[in-house]
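Visitor: Take a look at the following structure, please.
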Amino acid sequence: MQQLLPRIPGQIGRAAPVRMAFTVALAIGLALGQTVTAEARPESLAPLAEEISPSVVNITTTTTIEGQTGPQGIVPEGSPFEDFFREFQDRNGGNGDRPRRSSALGSGFVISEDGYVVTNNHVIEAADEILIEFFDGKELEAKVVGTDPSTDIALLKVEADEPLDFVSFGDSDTARVGDWVIAMGNPLGQGFSVSAGIVSARNRALSGSYDDYIQTDAAINRGNSGGPLFNMEGDVIGVNTAILSPNGGSIGIGFSMASNVVTRVVDQLQEFGETRRGWLGVRIQNVDEDLAEAIGLDKAAGALITDVPEGPAKDAGLLSGDVIQSFDGVEVEDVNGLVKQVGNTDVGKAVRVVVFRDGTTKTILVTLGRREEADTAVPAALPSDDQDGGAVEEQVILGLTLRPLTDELRAELDLGDDMQGLVVMDIDETSEAYEKGLRAGDVITEAGQQKLTGLGDLDTRIAEAKDAGRKSLLLLVRRGGDPRFVALNLES
């Protein structure tokens, strides 16, 4: 250390105190570093594992699979060789026409002393029998209380002679990337197993509308499905549900449904035997920079309504083209956030929805319906005035070859008689319109949030947008009945 100290004439006498202070500071720093390391990663996870293991269960399900009525998969039905292969199966003990039993394995955990058990829906789906095996080897038959395929959560119930060990849910929102976690379950049918890792990422979405997954590198394999993901306090912060893997085994990318999603589902399943999510009744899309500019928004945020079928939103007066900026007092950033918030809101609640419409904001009171009871059919096309007859016109605008809808085109595209707009007959593949997904056969029903009945209407909307200083024009495009907004640059 001495050679690192400055050798300045007249200050030799101060070198020793400086060396001592530096040495003491270094020692304190090392001690603190060791303390932080010890706090971040305990010497052993055994005490925690021993504490929570009795609440984790193995789940075995049995399903009856109806047998095949013939040698399907070997020869086509009706083939002259069908009888020959049936006789061959019979001689070799084949029983393709008899029902057979199939078993599957999974994991779960007890959440109450009276026997409620949480697992994944896909673990017990279509099962005829569900057997719960506890850590001490005891086995009990379970009954399904309720399931929620949207979050892949199921709630089971066992009847025990004595109170069961159970674990509690923690607050998944407090889990930080880098926090230590433990996964427990029955991987590959090997029995009770513990693996450790960290929270790798938060707020992952896989395929569902209500997804909120915690990503972890703790080893999760087949059979871990439905098992708990614990924090270092022994609270459940996730339900192990899926892995990302090219070979079916763990590569350190696992997903656990966040406990703050699971607890709401479990509460509803326990109370009602089913989920009851709020329903607004709109089709929506995210607002990008081009859409924001075309609409006149200051920033690209909110949820743009593309269609309003029969439902709560239509009853309240929400319109296609409205941008939802706030829902029940919470600012809306994007579609995913709004969908989750609406789903987590009580059915029948009257909420204030703030929308941006025609350059200003408007607050509308909407009484939410129930998502599970919603009509999921594609809504009918928006009605408009009858189109005048006459010669067929065609025009190339913004890289799109457009033609007004005719009865022949409606029949060809399987559109309703009341559908109005312009059909994309062809498209320049170098155009912005092609880049943004427009294709031949699409129908443009609105421009600048006003209905189109002819090519002249589109010319007018383009002129109005340019006069207003807009750089882009907002189009409502329908394909197969599904609507979406697209903003096209007017300066290109």
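Visitor: Whether any residue in the stretch 168-180 is more than 15 Å from Gly252 (Cα to Cα) and buried (at least 21 other Cβ atoms within 10 Å of the Cβ) is what I want to check.
Guide: Within the stretch 168-180, one or more residues are more than 15 Å from Gly252 (Cα to Cα) and buried (at least 21 other Cβ atoms within 10 Å of the Cβ).
Visitor: For the stretch 190-213, enumerate the residues that are in contact with a Gly (Cβ under 7 Å, 6 or more places away or on another chain) and under 22 Å from Phe166 (Cα atoms).
Guide: Scanning the stretch 190-213 gives a single hit, Ser193.
Visitor: Looking at (1) crowded, with 20+ Cβ neighbours inside 10 Å; (2) small (Gly, Ala, Ser); (3) more than 14 Å from Leu229 (Cβ to Cβ), which is the one condition that is false for Gly185?
Guide: The single condition Gly185 does not satisfy is (3).
Visitor: Here's a check for you: in the stretch 400-414, which residue that is modelled with pLDDT under 85 and assigned to a loop (DSSP other than H, G, I, E, B) is surrounded by the fewest Cβ atoms within 10 Å (Cβ to Cβ)?
Guide: Checked the stretch 400-414; the qualifying residue surrounded by the fewest Cβ atoms within 10 Å (Cβ to Cβ) is Asp414.
Visitor: Of all residues being surrounded by fewer than 21 Cβ atoms within 10 Å (Cβ to Cβ) and free of Cβ contacts under 8 Å to residues at least 60 places away in the same chain in the stretch 297-306, which is nearest to Thr367 (Cα to Cα)? Just the residue, please.
Guide: To start, the set of residues in the stretch 297-306 that are surrounded by fewer than 21 Cβ atoms within 10 Å (Cβ to Cβ) comprises 297-301, 306.
With free of Cβ contacts under 8 Å to residues at least 60 places away in the same chain added as a condition, the list becomes 297-301.
Values: Leu297: 27, Asp298: 29, Lys299: 28, Ala300: 27, Ala301: 24 Å.
Per the criteria, the residue is Ala301.
Visitor: Quick one: would you say Ala160 is part of a loop (DSSP other than H, G, I, E, B), under 17 Å from Asn58 (Cβ atoms) and touching a strand residue (DSSP E or B) at 6+ places or on another chain (Cβ under 8 Å)? Spell out how you get there, then give the answer.
Guide: Details: part of a loop (DSSP other than H, G, I, E, B): yes; under 17 Å from Asn58 (Cβ atoms): yes; touching a strand residue (DSSP E or B) at 6+ places or on another chain (Cβ under 8 Å): yes.
Criteria met by Ala160.
Visitor: For the stretch 214-280, please list each of the strands (runs of 3 or more DSSP E) lying entirely inside it that holds at least 1 residues being farther than 19 Å from Phe169 by Cα.
Guide: Output list reads 236-243, 254-258.
Visitor: Taking into account only those residues within the stretch 208-241 that are among the hydrophobic types (A, V, I, L, M, F, W, C) and free of Cβ contacts under 8 Å to residues at least 60 places away in the same chain, which is farthest from Ser55 (Cα to Cα)? It would help to see each step written out before you state the result.
Guide: Here is the first cut: in the stretch 208-241, the residues among the hydrophobic types (A, V, I, L, M, F, W, C) are 214, 218-220, 229-230, 232, 236-237, 239.
Checking which are free of Cβ contacts under 8 Å to residues at least 60 places away in the same chain leaves us with 214, 218-220, 229.
On the way: Ile214: 21, Ala218: 19, Ala219: 20, Ile220: 18, Leu229: 12 Å.
For the stretch 208-241, the residue satisfying everything is Ile214.
Visitor: Report whether or not Thr119 is among the β-branched types (Val, Ile, Thr), in contact with a Leu (Cβ under 8 Å, 6 or more places away or on another chain) and either modelled with pLDDT of 95 or more or on the phi < 0 side of the Ramachandran plot (or both). Walk me through it before giving the result.
Guide: On the way: among the β-branched types (Val, Ile, Thr): yes; in contact with a Leu (Cβ under 8 Å, 6 or more places away or on another chain): yes; either modelled with pLDDT of 95 or more or on the phi < 0 side of the Ramachandran plot (or both): yes.
Yes: the conditions hold for Thr119.
Visitor: Moving on to the next point. How about the stretch 369-394: which of its residues are within 27 Å of Val266 (Cα to Cα) and either at pLDDT 95 or above or not aliphatic (A, V, I, L, M) (or both)? If you could, list the steps in order and put the result at the bottom.
Guide: At the first step, the residues of the stretch 369-394 found to be within 27 Å of Val266 (Cα to Cα) are 369-376.
Within the stretch 369-394, Gly369, Arg370, Arg371, Glu372, Glu373, Asp375, Thr376 meet the criteria.
Visitor: Consider Ala127 against the criteria (1) surrounded by 18 or more Cβ atoms within 10 Å (Cβ to Cβ); (2) modelled with pLDDT of 95 or more: it satisfies all of them except one. Which criterion is unmet?
Guide: Checking Ala127 against (1) surrounded by 18 or more Cβ atoms within 10 Å (Cβ to Cβ); (2) modelled with pLDDT of 95 or more, the one that fails is (2).
Visitor: Quick one: count up the residues across the stretch 307-350 that are within 24 Å of the chain's Cα centre (by Cα), without any contact (Cβ under 8 Å) to a residue 60 or more places away in the chain and in a strand (DSSP E or B).
Guide: Residues that pass the stated criteria total 7.
Visitor: If I filter the stretch 275-303 down to residues being in contact with a strand residue (DSSP E or B) (Cβ under 6 Å, 6 or more places away or on another chain) and small (Gly, Ala, Ser), which single residue comes out as modelled with the lowest pLDDT?
Guide: Selected residue: Ala294.
Visitor: Part of a loop (DSSP other than H, G, I, E, B) and not assigned by TED's automatic domain parsing to the domain that holds Val287 - does that describe any residue in the stretch 455-466?
Guide: no
The values are calculated or read from the model by the stated rules, or taken from the named source; none is laboratory data. No experiment lies behind these values; they were computed from the predicted model shown. When we count neighbours, we look across all protein chains shown, and the Cβ atoms used for this are built from the backbone with ideal geometry, even at glycine.
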